[in-house]
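Structure record follows, encoded as structure tokens.
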Amino acid sequence: MARIDGKTVWITGASSGIGEELAYQLASKNCNLILSARRKEVLEMVKDKCSNKENIYVLPLDVTKFEGMEAKVGEILSKVGKVDILVNNAGISQRSLIADTEFSVYKKMIDVDYLGTVALTKALLPHFIKHKSGHFVTVSSLMGKFSSPYRSGYCAAKHALHGFFDSLRMEHDKDNIMVTMICPGFVNTNIAKSALTADGTAQGNNDTATQNGISSKTLCLKMIQAIEKGNYEAYIGGKETKGILVKRFFPRLLHKLVLKSEVR
């Protein structure tokens, strides 16, 4: 097991939720952090709350600006020299029926949740290859392994992440590059509030399942364990994680259980 203490870790989506909590926990382990999200002022607030803010660099980043990723990577490397771990955490969710959802919503889901992650990963990959080391940690979802109603665009983007990173893991095993897919279930964050509805506006309210989910603190503790162990995938949450095995062996049963749950 490789300890994460003292490593240089780049976290996207670090201004709130899982990314914010992960920053606090890694700061307590004396990690050198790069915090990225769109809003610099919020990232600065997160930095100020960290225990080792002298070892933290704030880099505003919009993951949909694909063409600028190489420049962002160059900026970071000029500041910190070497990145050990990239945590691809930036993303948005969705709550709308397929028949009602505008195509533009699907495009945004793919741009943010899939292509943005791919663009940043590809930009940093040569650095990992050069050093014959590196760890891509991508926050997917249980919805990347099975689906549910109202989340078609979200599920599609998360499924795509698994296809891409499984290939990357195989292609660069020879370069000692690791890939860990983090698959949370319900986590008590604001993800449902900011989820896109049929016309692309935010839902604006939380849902019962999300409110009753595990805390971001619990998730990040288990995420760090998975990273240190070098797990290929980690399923973290409550009873909903059992859906992985049910999907594999009893797909019709999972179909019925998900419909019965009426999860929104």
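Determine whether residue 92 is surrounded by 15 or more Cβ atoms within 10 Å (Cβ to Cβ), touching a residue at least 24 places away in the same chain (Cβ under 8 Å) and under 20 Å from residue 119 (Cα atoms). Yes; evaluated as a whole, the condition is true for this residue. Restricting 230, 243 to residues that are open to solvent by less than 70 Å² (accessible area, probe 1.4 Å), at positive phi, in contact (Cβ under 8 Å) with a residue 60 or more places away in the chain and not polar (S, T, N, Q) narrows the list to 230.
A quick yes/no check of all residues on (1) more than 16 Å from residue 114 (Cα to Cα); (2) of a type outside the set (Gly, Ala, Ser); (3) within 16 Å of the chain's Cα centre (by Cα):
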| site | (1), (2), (3) |
| --- | --- |
| 151 | no, yes, no |
| 184 | yes, yes, yes |
| 187 | yes, yes, yes |
| 213 | yes, no, no |
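Output yes when any residue across the range 159-175 is farther than 12 Å from residue 91 by Cβ, in contact (Cβ under 8 Å) with a residue 12 or more places away in the chain, over 16 Å from the mean Cα position of the chain (by Cα) and open to solvent by 50 Å² or more (accessible area, probe 1.4 Å), and no when none is. Checking the range 159-175: not a single residue is farther than 12 Å from residue 91 by Cβ, in contact (Cβ under 8 Å) with a residue 12 or more places away in the chain, over 16 Å from the mean Cα position of the chain (by Cα) and open to solvent by 50 Å² or more (accessible area, probe 1.4 Å). Considering (1) among the charged types (D, E, K, R); (2) at pLDDT 95 or above; (3) closer than 21 Å to residue 221 by Cα, the lone condition that residue 53 does not fulfil carries the number (2).
Here is a yes/no grid of residues against (1) of a type in the set (Gly, Ala, Ser); (2) assigned to a strand (DSSP E or B):
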{"position": "4", "(1), (2)": "no, no"}
{"position": "10", "(1), (2)": "no, yes"}
{"position": "15", "(1), (2)": "yes, no"}
{"position": "19", "(1), (2)": "yes, no"}
{"position": "22", "(1), (2)": "no, no"}
{"position": "35", "(1), (2)": "no, yes"}
{"position": "38", "(1), (2)": "no, no"}
{"position": "43", "(1), (2)": "no, no"}
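Checked against (1) in a helix (DSSP H, G or I); (2) in contact (Cβ under 8 Å) with a residue 12 or more places away in the chain, residue 107 passes all but a single condition, namely (2).
Could we say that residue 249 is of a type in the set (Phe, Trp, Tyr) and either open to solvent by less than 90 Å² (accessible area, probe 1.4 Å) or within 25 Å of residue 97 (Cα to Cα) (or both) here? Taking the combined requirement at face value, the residue does not satisfy it.
Across the range 189-223, the number of residues qualifying as open to solvent by less than 30 Å² (accessible area, probe 1.4 Å) and of a type in the set (D, E, K, R) comes to 1.
Scan the range 178-197 and tell me whether some residue there is in contact with a Leu (Cβ under 8 Å, 6 or more places away or on another chain) and either hydroxyl-bearing (Ser, Thr, Tyr) or farther than 16 Å from residue 140 by Cβ (or both). No, that holds for no residue. Condition check for residue 238 on (1) closer than 22 Å to residue 113 by Cα; (2) open to solvent by less than 40 Å² (accessible area, probe 1.4 Å); (3) within 20 Å of the chain's Cα centre (by Cα): one failure, at (1).
The values are calculated or read from the model by the stated rules, or taken from the named source; none is laboratory data. It should be emphasised that the depicted structure is a prediction, and the values quoted were computed from it without experimental measurement. No Cβ is skipped: glycine too gets one built from the backbone with ideal geometry, and neighbour counts run over all protein chains shown. Remember, those area values only see protein heavy atoms, side chains included, never the ligands or the DNA or RNA. Shrake-Rupley method; radii C 1.70, N 1.55, O 1.52, S 1.80 Å.
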